Structures are given as C-alpha cells and as structure tokens.
Amino acid sequence: MMKPLSWNKLCSGCGTCVIFCPKGIEMVLDPRSNYTPILKNECSFCDVCNTVCPTSDIIGGVTSKRNYNELIGRYVNSYIGYSKRRDIRWRASSGGLVTALLMFMLESNIIDGVLAVRMEGLRPVPFIAGSSKELLMAMGSKYLPVPLNAKLRNLLDIEGRFAVVGLPCHIRGVKKAMSVSRKLQEHILLSVGLFCSRTVSSIGIRTLLHKLRMREDVVEEISFRGRGWPGKLYVRLRNGDEVFFPYFSYWRPLFSTHFFTPTSCMFCSDLTNEEADISAGDPWLPEILGTDRLGTSIAVSRTEIGDEILREAWRAGYIELKEIGIEKVVESQWRPLFFKKVTLPARQILTKRVRECASPVSPLQLITALIQLANKGFSETSVGQYVIERLHFKILEAYAFVLSRVEKVAWVMYQRRRQIESSYNQ
Ligand SMILES: Cc1cc2nc3c(=O)[nH]c(=O)nc-3n(C[C@H](O)[C@H](O)[C@H](O)COP(=O)(O)OP(=O)(O)OC[C@H]3O[C@@H](n4cnc5c(N)ncnc54)[C@H](O)[C@@H]3O)c2cc1C
Ligand code: SF4
Ligand code: SF4
Ligand code: SF4
C-alpha cells in the first residue's frame, strides 16, 4: 500500500516533497525535533513524495566507481585544503573551502547561483545566493534542521545553472528530485555536501542559550562556528552585547552525547554525504588540531566533474589543496562514523526497526547504542531539560569524556574485527 509522507517517522525535514506534492505541503517546525511536512489538503495517494523522499531508500547517482571505502562510500580523490582568502578561512566553519569553491564557480560564470542557507536571528533560511557577497552571508555551519529543498522549487522557475550545498539528507533529496524532473537535471550542475553527524533540535539550542544565561528573544544574531578553528559560538544580543564561547566547550558536553538529537538523525546512515559531487568536513586529526588555528577543511571528490572543479579552483588560486589518503578521512571522523555506521544496527535492533543484522552486533555496540538512545530520550522530557540546563558544563563534559572513551574502545574492537574479517576473506 502507498504511504503518504505523513506516516514517515524518519522524516528529516529536508523539504523535498514540498516541490512536487499536488495537494500542497507546508513545512512546520516542531521545536522538540525538526521541521515536519503538513498536508494542506486531502492526500490523493499519488506517491510522488515517497519517490523523492531521501529516507525511502538509498539511490546510486554517483558517476565514478574508481575507488570505494565501505565507511566513506565512492570517491575519486580525498584532500585537505582551505580558502586562500584569510578572512574567509577565519570566519568559515573549518577552512572556508566550500565558500571559496562556490565563489570560484560564481565568479568564473560556471554557475549563476547557489542554493545555500543563512541565519536570520535564530532561524536558518534557505536562499539562492547570486553573488560572492551573498555567499559570504551563508558562510558557517548551522547546526539546526533546515528545510533546504523546499527552495528547489525556485530553481524550476528560473533559467541558469546552479550549485546546491547541503547535508546528506538534502543532497539525497536533490538527487531524487533530479531523477523525476528534467528541469532540475538541467539546472543543477553540482552538489556540494557537508559531512553531517546530526543536527540539534531548537530545544537543544534554547537549552544552550539558557545555560549561558541568555533568553532566545534577546538574541539578534548567532553563529555556531568560525573566528578561527575549531572556532567559537558567537551571540550578539539586542542590546549590542556580544558573547563568545569555544566550540568544544559547548558541543562536547551538550551535544556529543546525543542529547537533543532529532529521531531522523538517530537512524541516518550517511555521514560523509555519499551522493554529493564533492563532500566537505572538518579534519579532526591530531596533527591539524595541534597546529592549525585558522582552519582547514577535508574534501572528498566523488565524481569526475567534482574533482575537476576542485582542481580548477586550486589552479585559479581560490583554494589550496593537498591530497590525503582516504584512511585519513576515516581517522578524522572515527566518532561520527562509529555513531552512523557501527552503532546504527544496534539502535535499529533496540527500537525493533529491524529483527536481525547482516553482521553480528557486539554487546559493547548494544550498550553504547542504548546510552545514545537513552540520552536522546532523556533530553526530550521536561525533567531531562531541567536537569541538563542546571548541570554545570564541567559535569556534562566529564560524562561526555567517559562516554567517548567507551566508544573509542568499541571502535578499536570494531576495526580489529574488520581487519581480521578482511584478511580471512583474502
Ligand atoms: C548539521 C551539521 C553537522 C555536521 N557534522 C559534521 C561532522 O560530524 N563531521 C565533520 O567533519 N563535519 C561536520 N559538519 C561540516 C562542518 O561543520 C563544515 O560545514 C565543513 O567542514 C565545511 O566547512 P567550510 O569552512 O568549508 O564551509 P563554509 O565555507 O563555512 O560554508 C558552509 C556552507 O554550508 C551551508 N550550510 C551550513 N549549515 C547548513 C545546514 N544546516 N544545512 C544546509 N546547508 C548548510 C552554508 O550555506 C554554507 O554555504 C557538519 C555541518 C552541519 C551543518
Ligand atoms: S501521496 Fe501525493 S498527495 Fe499525498 S502527500 Fe504524497 S505527494 Fe502529496
Ligand atoms: S521528502 Fe524530506 S520533508 Fe518530505 S517526508 Fe521525506 S524527509 Fe520529510
Ligand atoms: S544526520 Fe542525516 S538526517 Fe540528520 S540532518 Fe544529518 S543528514 Fe539529515
């Protein structure tokens, strides 16, 4: 039987269904979790929403099959790099590679615009950036749900060639939308995908502000990263006061333990944006963490066009690039990969989404998955929010540290098991 999207329990709020539903869909924010599509008229069960929904299945869509890594997906090359403009590198989330690359494409007339997202107060707003100045307004990671793809509808109505930058669920939705719309196929030249371990619900952001003794209604501007690397939370209040708080000091204690994680992110298996032409993330590597204060990005090219455009931007002097092995990408992302690839089967079993898994799930995988689910569930209760809001950052940090050590042990054991299995298979 066809299922209209209102039944979709794993909806990530990406907004793709908005473009095609003949009955009209509005994206409405549930502050506890995410954006939800709400039907404005009675469903006709045409099934278009399921065809384009990124959660319905995984599609191919990648043109190069030269290299494959089971945790990262298909790739052509992997790099570390950064914007050659120091101001961009300083203000962006990691190395400003994404902004500089898109700027190169705009200024060289390869594209006419970019589907991106900027902040308006506490609200992320998708928009089409048509100039470098507008791209600068989109710089920086918004660790919030964004119904980006609802804006794809604009690309149906205007002529030109565009790039899209988004999270893995956005890019998967874009690829699916392109598979049913010739116009989108013609209009979208390139997809740039961010790595994504999860977003944070609006309640999570409100809890963070309360812990820093601020109310939402006094916030005029917020950015979660930037001003060096790993960067700082920056909040400007209506009275002109400015607050800075180091990224690690809030992200690790409050969000690395899966407090305030939307349900869709708890069951999402794509960390590195496996469908994008180019994927970008942070190089969480000791050699870079120990030395870099300006910012560096990781980039994985997955298609020939993605790799060519990266190299052209390099030749044109917009970005600096250095090739690295794909195992360095895995090393830099061990914790989110552990969450998305290693403990996902355990979470699926614990929540009865599946009865059995392809490979055996170890007791440590089950324990860590149980803690992740419990933390998410606890943060959704009013008691949980009361407690988390009042616990000192240092206590939450200690809890997050213990959890990260347990996860590290489980990750090392998982890697060893993989090595033994692959040597046995050879
Ligand atoms: C929710 C989220 C989770 C992430 N998780 C990880 C992770 O686990 N590991 C990791 O290494 N990196 C992660 N990243 C990516 C990382 O934060 C940087 O975005 C990435 O390193 C690129 O940095 P940059 O300096 O090159 O990008 P910038 O030059 O700062 O450009 C960022 C671009 O991303 C777009 N953007 C920002 N936020 C969103 C959003 N929510 N939805 C759609 N588009 C957006 C903006 O439009 C902008 O064009 C995450 C990012 C987000 C938004
Ligand atoms: S099945 Fe068709 S009418 Fe119903 S919500 Fe989906 S797209 Fe809209
Ligand atoms: S297309 Fe996106 S917004 Fe629509 S149901 Fe699927 S995940 Fe949710
Ligand atoms: S974790 Fe998955 S579902 Fe959640 S925002 Fe990221 S890509 Fe989308």
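Compute the separation of the alpha-carbon centres of the range 307-322 and the range 205-273 and state it in Å as a whole number.
31 Å
Enumerate the amide H contacts of Asn273 below 5 Å, restricted to partners 5 or more residues apart or on another chain; note that Pro and chain-start residues carry no placed amide H.
Cys196
With springs only between Cα atoms under 10 Å apart, run a GNM on the chain and tell me which of Lys151, Lys376, Lys133 wobbles the most.
Its mean-square fluctuation being the largest, the pick is Lys133.
Which ordering of Arg347, Arg161 is given by a fewest-first count of other beta-carbon atoms within 10 Å?
The order, fewest Cβ neighbours first, is Arg161, Arg347.
Going by C-beta contacts inside 10 Å, put His258, His392 in order with the fewest on the left. Let's see the in-between values first.
Numbers: His258 21, His392 10.
Taking fewest neighbouring Cβ atoms as first place, the list is His392, His258.
Pull up all non-local amide H partners of Tyr35: gap of 5 or more, or a different chain, and H-to-H distance under 5 Å with H placed in the peptide plane.
Hits under the 5 Å cutoff: Asp30.
About its Cα centre, how strong a charge dipole does the range 5-52 have in debye, to the nearest 20, once Lys and Arg get +1 and Asp and Glu get -1 at the Cβ?
80 debye
Please give the Cα centre distance for the range 156-189 versus the range 331-370, rounded to the nearest Å.
So the two Cα centres are separated by 32 Å.
Read phi for every residue in the range 176-183 and hand back ³J(HN,Hα) as whole Hz from Karplus 6.51 cos²θ - 1.76 cosθ + 1.60, θ = phi - 60°, with x for Gly and Pro.
5, 4, 5, 6, 10, 10, 4, 4
Might you report the magnitude of the Cβ-based charge dipole of the chain about its Cα centre, with Lys and Arg at +1 and Asp and Glu at -1, to the nearest 20 debye?
Roughly 860 debye, rounded to the nearest 20.
Could you give the radius of gyration (one decimal) and Dmax (whole number) of the Cα atoms in the range 280-426, in Å?
Expressed in Å, the Cα Rg and Dmax of the range 280-426 come to 19.5, 55.
Could you work out the pair-distance distribution P(r) of the range 5-52 from its alpha-carbon pairs, with 10 angstrom bin width and percents rounded to whole numbers?
27, 61, 12
Checking the cross-link filter: which lysines have an alpha carbon closer than 28 Å to that of Lys376, excluding same-chain neighbours under 8 positions apart?
Cα-Cα hits under 28 Å: Lys3, Lys9, Lys142, Lys211, Lys232, Lys340, Lys341, Lys352, Lys394, Lys408.
Of the GluC sites (Glu not before Pro) in the range 301-398, which ones lie in a loop per DSSP and count no more than 12 other C-beta atoms within 10 Å?
Loop-located and lightly packed - Glu356.
Provide the per-residue ³J(HN,Hα) series for the range 184-196, in order, calculated from phi with Karplus coefficients 6.51, -1.76, 1.60 and θ = phi - 60°, each as a whole number of Hz, with x at glycine and proline positions.
In residue order, the calculated couplings are 5, 4, 6, 8, 9, 8, 8, 10, 10, x, 7, 4, 8 Hz.
Which whole-number percent is the relative contact order of the chain (Cα, under 8 Å, 6+ apart)?
Reported relative contact order: 20 percent.
Report ³J(HN,Hα) in whole Hz for each residue of the range 108-118, in order, from the Karplus equation J = 6.51 cos²θ - 1.76 cosθ + 1.60 where θ = phi - 60°; Gly and Pro get x.
In residue order, the calculated couplings are 8, 6, 6, 10, 9, x, 10, 7, 9, 9, 10 Hz.
Among Pro363, Pro147, Pro345, which one moves the most in a GNM of the chain with springs linking Cα atoms closer than 10 Å?
Pro363
Taking N as the number of residues in the range 203-317, what value does Rg over Cα atoms divided by 2.2 N^0.38 Å take?
1.32
Given contacts defined as C-alpha pairs under 8 Å and at least six residues apart, what's the relative contact order of the range 5-52, whole-number percent? Don't skip to the answer; put the middle values down first.
Values: 63 pairs, mean separation 19.3, N = 48.
In percent, rounded to a whole number, it is 40.
Among DSSP bridges having both ends in the chain, what percentage is antiparallel? Round to the nearest 5. Could the numbers behind the result be given before it?
Numbers: 38 of 49 bridges.
Roughly 80 percent of the DSSP beta bridges within the chain come out antiparallel.
Can you put Arg302, Arg238 in order of Cβ neighbours within 10 angstrom, beginning with the fewest?
Listed from fewest to most nearby Cβ atoms, that is Arg238, Arg302.
Any idea what the alpha-carbon Rg over 2.2 N^0.38 Å comes to for the chain?
0.95
Note the full-extension length gain between Ser404 and Ser179 as 0.36 nm times their separation in residues minus their Cα-Cα distance, in nm to one decimal.
77.0 nm
Comparing Gly325, Gly140, Gly96, which has the greatest mean-square fluctuation in the GNM of the chain with Cα pairs linked when under 10 Å apart?
Gly325
Read the figures in this text as sums done on the coordinates, not as results from a lab. Keep in mind that this is a model prediction, so the values were computed, not measured. Quick reminder, even Gly has a Cβ in these numbers, built from the backbone with ideal geometry, and neighbours come from all protein chains shown.
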